[in-house]
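The values are calculated or read from the model by the stated rules, or taken from the named source; none is laboratory data. A quick note: this is a predicted structure, and the numbers were derived from the prediction, not measured. FYI the Cβ positions are ideal-geometry reconstructions off the backbone, even for glycines, and counts take in every protein chain you see.
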Amino acid sequence: MRYLSAFSALLALSSTAGAAVSRSEGRPQTKSYDGYKVFRVEVGTDASKVSGIVEKLGLSTWKGAPRAGTFSDIVVPPQSLAAFTKATVGMNSAVMHDDLGASIAEESAFQTYEVGAAAVNATWFNSYHSYADHLQFLNDLVAAYPTQARIVTAGNSLNGRAITGIQFWGSSGRGVKPAVVFHGTVHAREWVGTMTTEYMAYNLLTNYASNAEIKGFVDKYDFYIFPVVNPDGFVYTQTNDRLWRKNRQSTSGSTCIGHDINRNWPYMWSVSGGASTNPCAEDFKGPSQSSAPETTALAAQLRSVKASQGLKLFIDYHSYSQLFMTPYGYSCSATAPKNTELQSLARGAVAAIRAVHGTSFRYGPICSTIYQATGSSVDYTNDVVGADYVFTSELRDTGNYGFVLPANQILPTADEAYAGVRYLLLNMK
Ligand code: 0X9
Ligand code: ZN
């Protein structure tokens, strides 16, 4: 296998006249993480100790504010290393990235993509890819199965990018069976979610003709897979800052950019405690519900699918933490009407995931499993859209690499995630 950086890919292109068209976008990273380290620190019983250090040194964390009894994954720039090391003496900690810049560079060695239906093969999952190549891959997948797949869009992002997905169907034709909808990469830096949702489409389409079980799934449900529901943020992670999370929306009265789309859905949005009202925070809920055009577009797409054909299953894929979660995020005391069945399905999915590569996922309602999160896709899709089964999964890992997961883990992440989906497809009523 040959991996090419964007630059060497360009050189290769210009020097091989007549070769298959290949493309790989340039990746100017204006924000350098060279010399940054990422530490995983055990928080202990008193969270204020670690959060005090984070605040004093102005550090960012990858998984929200430090919480008692958990680990906190903390990004430390070179100029704060000495102070951080001194402040954390005696605390249990491990190094996740010794040089975050080097880890990002390694992860960003995108394989060149040979455009065309012949390019639809498993090597796609050997590296991460540019946004343009993701769109091309979806187009090529459709080109390979033109009678049973098409490109769909769920409105436009703030910056005018079409939120693009692939719809595919089986022997009954398009749009007649209940829908299964998967979202990936609402949080822009969670790249393995893009690859994993694409793998679902790839696996189901390429094996439809040869695998009776898969044919059964695709004949029974109409699939809509949106690998990048936050395209502006995703592009920004590839052009400006690998660790960007939110969309790219401004807020009046603040110089900070970004609304967290997964805190912006118009259901229980005003409940306090599950999102930030600070425009500079990573989990900023937006100045009003549905302030983000992406939220509005995605909500409308889900409602329309539900109205026209029914919505059997919705899964919102994130990373990282290895979790398989159910409603609700907004409250730890509210219980989803179907909670018993949802927990039983989640338990089964987690066992199926573990059977593939031994990867352990935990499961349970969002609020009690991780933290309270208001205005999330899951609560809206469960209660407002009225989908039959709603989940959200945090993919690999549990804190060795976090968001910057090496490319050789894409395929195992995706095929174990498929095993979870397979369990649901076999066991949902
Ligand atoms: O905080 C979040 O939005 C999610 N964790 S992440 O680190 N990926 O940002 C978890 C919230 C629950 N997920 C959904 N409601 N989809
Ligand atoms: Zn996320």
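The table that follows gives values for the structure above.
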| item | result |
| --- | --- |
| Boolean, Lys246 is modelled with pLDDT of 95 or more, of a type in the set (D, E, K, R) and touching a strand residue (DSSP E or B) at 6+ places or on another chain (Cβ under 9 Å) | yes |
| Pairs where the first residue, in segment 380-407, is more than 16 Å from ligand 2 (Cβ to nearest atom) and the second is of a type in the set (D, E, K, R) and in a strand (DSSP E or B), C-beta under 7 Å, 6+ apart | Asp388/Lys312; Tyr389/Lys312 |
| Of all residues in segment 154-213 being of a type in the set (Val, Ile, Thr) and outside any helix (DSSP H, G or I), the one that is nearest to ligand 2 (Cβ to nearest atom) | Val186 |
| Test: Ser308 is surrounded by 20 or more Cβ atoms within 10 Å (Cβ to Cβ) and either away from ligand 2 (no atom under 14 Å from the Cβ) or at pLDDT 95 or above (or both) | no |
| Some residue of segment 417-429 being within 15 Å of ligand 1 (Cβ to nearest atom), charged (D, E, K, R) and at negative phi | no |
| Number of the condition not met by Asp383 [criteria: (1) crowded, with 24+ Cβ neighbours inside 10 Å; (2) charged (D, E, K, R); (3) over 28 Å from His129 (Cβ atoms)] | (1) |
| Candidates Pro293, Pro327, Pro287, Pro337 - the one that is over 18 Å from the mean Cα position of the chain (by Cα) and either surrounded by 16 or more Cβ atoms within 10 Å (Cβ to Cβ) or on the phi > 0 side of the Ramachandran plot (or both) | Pro293 |
